[in-house]
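Nothing in this text is a laboratory measurement; each read-out follows from the coordinates by a stated rule. Please read these numbers as outputs of a predicted model, since none were measured by experiment. Note that each Cβ is placed from the backbone with ideal geometry, even for glycine, and that neighbours are counted across all protein chains shown.
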Amino acid sequence: MKTSSSPFREVSLHVNGEIKPVLIKPSDTLLYILRVKLGLTGSKPGCLNGDCGACTVNVDGMAMKSCLMFAIEAPGKRIITIEGLKGTPIQHAFIKEFAFQCGYCTSGFIMNCYSLVENYPDANDELITEMLESNICRCTGYQEIENAVKSVLSSNKNLEK
Amino acid sequence: MYIIGKSVYRKEAVDKVTGEAIYTNDIQSPGMLHARMLLSPYAHARIISINTEKAWKIPGVRAILAGERFPLTGEEIRDRPPIAVDKVRYFGETVALVVADNPVQAKRASELIEVVYEPLPVVNSPTEAMQANAPLVHENIESYEKVERVNPEPNTNIANRTKIRKGNIQKGWSESDVTVEGTVSFSPSDHAAMETRCSIAEIRQDGYVVITTSSQAPFMVKKLINLYFGIDTGKVIVNTPLVGGGYGGKAAVQLEILAFLASRAVGGKKVKLFNTREEDLVTSPCHIGLDAKIKLGCTRNGYLKAAEILYLFDGGAYSDKAVDVSRAGAVDCTGPYHIENVWCDSLCIYTNHPYASPFRGFSHSELLFAFERTMDMLAQKLGLDPLELRRKNAILPGHTTPTQVRLNTSNLGNLPACIDRLKEIMKWEEGQRSIQPDGLIRAKGICCIWKTSTIDTDSSSGVILTFNPDGSVNLISGVVEIGTGTKTILAQILSERLKMPIELIHVRMKVNTQTTPEHWKTVASRGTYMAGRAVLEAAEDAVEQIKKVAACVLHGAVSDLEVAGGRVFLKDEPSTGIELKDVVYGYTYPNGNTIGGQVIGRGTYTLRRMTYLDPQTGEGRPGPEWTVGAQGVEVEFNKRDFTYKIIRAVSVIDIGKVINEKAAQGQVMGAMAMGLCFGGRESFVFDEQGRVLNAQFRTYRPLRYGENPEYVVSFVETPQIDAPYGARGVGEHGLIGMPAALGNALSIAAEVNLNQLPLIPELIWRAKKGNQHALI
Ligand code: FES
Ligand code: FES
């Protein structure tokens, strides 16, 4: 099906626990493939150059801005998008703390917080800020997001005790 | 209260935390074409020639629109060609539109369009625009079609002038012992909503135009497509799914027109136009700039006697909504004070800047920065506590506004109560300025706010309620869910009225102008009031219908019945009644006879007794009520390098009645954040040629996580009698005093008057050291 001159490659992406065959061009970003080819529109374009974090997903356990990663780098890596989170504590916390308004930044923020919570359940203020300052929310005052993420971190700690 | 005041979760909450929430750009369909724009690299230039030959060679290109004369557009003055012809008037203006199979092809082709320009002298500020020999942005403004009540002044750059003449300004000056004059200016900036604007248009074979768009004004899109292109309003269907933040920026109609033209050029096929961040910042309408002069006079004891005000709003290249913004700037041209003699000219000025759309607060954050800075300068001159000066002059029931509306305890909140609360929260008695052991200076600044809405006098809002067989209700309103949570508030209002669990109220989030009743525009903090009134009327209508059927079934009079808790029952004997589910689809007797049918409640609300402003004096009633408040900011200032940190920001607002505590807090906090961004860091940086140098998030920098201060929000509750449960508009009010409070705090900290925005350290340094180092 594919000829050597075709810009397309057929690859398999591991997304949200499923293997997805998909035709990609080397210049396609992961964000583009997720949204346009796989219909996973939860990850949002906000700037397309790494400034806003609305496109954040989780790649092999780490938060990653999907507009900054080529899809061609993704085969063999485990990708989780917002659609792959089902009833996680951080999602509940965002609802409970009113940590969003328009919701456009929310997928990216939740994915970033999710990686933070998974990797650093004991994160201190400094680390939280370092992680979360890469995303922009234009609606909230961030206080609500801070409450949400901290409520999950501290509940993690409580469980450990 | 049953549910009013409770922090009910947003109705669309789950969608938003699972990625299922759909915004315009998430919609795609096979065969959809894509449009991209070519933008002007000049702020003012004549277009000599356009050559599209090379662009056409890119595979996939379906249409190129350039140099063609389309109907002029614009809400009050039709001065804007959707795609530039003859000349360009701002940096980033749309010069051509390419439609192709995919966005990459469209982009490639747009880059190959060759345009020859002849640069023209640039008008780079409203003050420049007013100079006698200023270049004209529009040479023939008198030739433009316009609505009544707007008066572009021929051979000038003045798009409109609104006059306020209240009392006798000469008398005011003669009664004044002390006067002060403040001059304030700032450049345009942007809303920078996280969702960039997107529109999809299609012209169906049967002539229907279907537009899906991220807009705060889908019903306006429908009217304007009719006005500009002569398509019957009934044949224009506008869909608006969830919107990723608007803040006024999406109240202007722009991409919709381009998407329509693009679709028309390819035989009506579906075309999507999605802004990049850079386009969203400069090509689409921005946040207005202002040059202002304020002169205040007061008695020795600090009672204000006169205010003379000149507002030169930087409407940019096209007047669109800016005329209305400048008009609203005249309506509340002073701060919330009792001043008998007011003279104001509020002008909308053409410049070669990106053109303006409304910005959360609709001129109020801008004018309050000017006015409240001047109030602080006055307090300083008088040697009076700035909070005391404001308390003394606070506007009260019985006083009149600049447009001479007599205020009462319903249409005006309680400002003295807000001031007193602010004083407490800010620990005012501990002093306004102190030096910390580490040498840093702590300073507090305050300001007072007020705002009414200046919207069309016939603006209305409609609601339809339909019932489901299980007794639950669908709430359908034309309010767009832009993040304010208004539709959840409406559900609470309905839940309260029907005494029905909120879970049984299903809210339709998406707006479709064919099936959703109109809500004029989702702007001006009027959603809760207008749509809330419509909900109550629709509930009344539904309840009447339910009672009528139930009266037959229960063999009683309609007036004997009550609806609550999912039942309709006898008021005096609540155990006798029937479940709503058994009446809302009509009642069926055991023998099969049925009476009634599906209950459909309808309600509309139109603002009452609104009037136009008198062209000579400005007298008139532009809005239904004035929300008031007092705000403060505390900063920590380093006088060695002029940097500062915002420690705390406080808002005390008379909200009338809190309907959803956490949602209200969130609205106010978010608005405060945006106000601090506008005041402290955000502005377009223009070079001498009027080009915007910072159209990216790495150079145009909103606040990020961790840069935010502590927010304190406190509410006073003085009900607005004619509003649902007394609730006042509050979506914008958290923002509008922040630039002024920050300016006042930093002016005190740095001991210099800071009358420009944004308040970046460099600006403070320049103000401190004078301009002798300007070239460093
Ligand atoms: S879209 Fe990826 S960081 Fe903004
Ligand atoms: S919720 Fe709107 S940008 Fe964050």
Exercise for the section: For segment A:19-29, just list the computed ³J(HN,Hα) in residue order, Karplus coefficients 6.51, -1.76 and 1.60, θ = phi - 60°, integers in Hz, with x standing in for Gly and Pro. Expected result: 8, 10, x, 8, 8, 10, 9, x, 8, 6, 7
Exercise for the section: Tally the DSSP beta bridges in segment A:1-133 and give the antiparallel ones as a percent, rounded to 5. Expected result: 90
Practice task
Report the calculated FRET efficiency for residue B:438 and residue A:11 (r = Cβ-Cβ distance, R0 = 45 Å), to the nearest 0.05.
Solution key: 0.20
Handout entry: Where the Cα pairs of segment A:50-161 fall when distances are cut into 5 Å bins, in %
Key = 2, 12, 24, 25, 20, 10, 5, 1, 0
Handout entry: FRET efficiency estimate (nearest 0.05) - Cβ-Cβ, residue B:20 to residue B:57, R0 41 angstrom
Key = 0.50
Problem - Given A:77/B:269; A:150/B:521; B:171/B:321; B:444/B:768, the pairs whose alpha carbons are separated by over 29 Å - result: A:77/B:269; A:150/B:521; B:171/B:321
Fill in the blank from the handout: Checking every Cys Cβ in chain B against the others at 4.7 Å leaves as unpaired B:198, B:286, B:298, B:348, B:418, B:447, B:448, B:552, B:677
Problem - Set of lysines with alpha-carbon distance to residue B:571 below 29 Å, sequence-local pairs under 8 removed - result: B:6, B:499, B:547, B:548, B:581, B:657
Exercise for the section: Find which of B:113, B:485, B:586 sits farthest along the positive direction of the dipole of chain B, computed with +1 on the beta-carbon of Lys and Arg, -1 on that of Asp and Glu, about the Cα centre. Expected result: B:113
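So, with +1 on the Cβ of K and R and -1 on the Cβ of D and E, and no other charges, what is the size of the charge dipole of segment A:84-160 about its Cα centre, to the nearest 20 debye?
For this selection, approximately 380 debye.
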Completion exercise
Of the residues B:94, A:33, B:696, the Cα lying farthest along the dipole of the protein assembly as shown towards its positive end, which is defined by charges on the beta carbon of Lys, Arg, Asp and Glu, belongs to A:33
Fill in the blank from the handout: In whole µm²/s, the translational diffusion coefficient that Stokes-Einstein assigns to segment B:458-606, given a Kirkwood hydrodynamic radius over C-alpha pairs, 4 °C and 1.567 mPa s, equals 83
Fill in the blank from the handout: With a 19 Å threshold on alpha-carbon distance, the violating pairs from B:11/B:662; B:250/B:293; A:86/B:510; B:293/B:381; B:235/B:270; B:166/B:295 are B:250/B:293; A:86/B:510
Exercise for the section: Provide Rg and Dmax in Å for the protein assembly as shown, with only Cα atoms included in the calculation. Expected result: 28.1, 96
Practice task
In whole Hz, with x marking every Gly and Pro, tabulate ³J(HN,Hα) for segment B:321-333 from phi via Karplus 6.51 cos²θ - 1.76 cosθ + 1.60, θ = phi - 60°.
Solution key: 8, 5, 4, 5, 4, 5, 5, 4, x, 7, 4, 10, 5
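Can you pull out the trypsin sites (Lys or Arg not before Pro) in segment B:246-315 whose DSSP state is coil and whose Cβ has at most 15 other Cβ atoms within 10 Å?
B:300
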Fill in the blank from the handout: For segment A:1-108 the GluC sites (Glu not before Pro) that pass both the DSSP coil test and the at-most-14 other-Cβ-within-10 Å test are none
Handout entry: Spatially proximal lysines relative to residue B:57 (Cα-Cα < 17 Å; intrachain offsets below 8 disregarded)
Key = B:107
Handout entry: Two-site label geometry, residue B:685 and residue A:86: point separation in nm, points 7 Å out along Cα→Cβ
Key = 4.9
Exercise for the section: Name the long-range amide H neighbours of residue A:13: under 5 Å, sequence gap of 5 or more, or other chain; modelled H, no Pro or chain starts. Expected result: A:20, A:22
Problem - Label-point gap, in nm, between residue B:544 and residue B:606 - each point 7 angstrom along Cα→Cβ - result: 1.8
Handout entry: Charge-dipole axis of the protein assembly as shown as Lys and Arg at +1 and Asp and Glu at -1 on Cβ define it, positive-most pick from B:467, B:628, B:48
Key = B:48
Completion exercise
Full extension between residue B:85 and residue B:118 adds, at 0.36 nm per residue less the Cα distance, a length in nm of 10.6 nm
Practice task
Under a cut-off of 18 Å between alpha-carbon atoms, report the aspartates and glutamates in cross-link reach of residue A:20, not counting same-chain residues fewer than 8 places apart.
Solution key: A:10, A:28, A:60, A:73, A:83
Problem - Pair residue B:575, residue B:204: separation of 7 Å Cα→Cβ label points (nm) - result: 5.6
Handout entry: Cα centroid separation, segment B:76-130 to segment B:633-693 (Å)
Key = 32
Completion exercise
FRET efficiency (residue B:111, residue B:28; Cβ distance; R0 25 Å; to 0.05) is 0.55
Practice task
Go through segment B:92-97 residue by residue and turn each phi into a ³J(HN,Hα) via Karplus (6.51, -1.76, 1.60, θ = phi - 60°); whole Hz please, and just put x for glycine and proline.
Solution key: x, 5, 6, 9, 8, 10
Problem - In segment B:496-570, trypsin sites (Lys or Arg not before Pro) in a DSSP loop with at most 14 other beta-carbon atoms within 10 Å - result: B:499
Problem - Taking chain B and dividing mean pair separation by its residue count, relative contact order in percent (alpha carbons under 8 Å, at least six apart) - result: 15
Problem - Value in Å of the Kirkwood radius, where chain B supplies the Cα pairs that are averaged - result: 27.4
Handout entry: Cα-centred dipole magnitude for the protein assembly as shown, charges only on beta-carbon of K, R (+1) and D, E (-1), debye, nearest 20
Key = 700
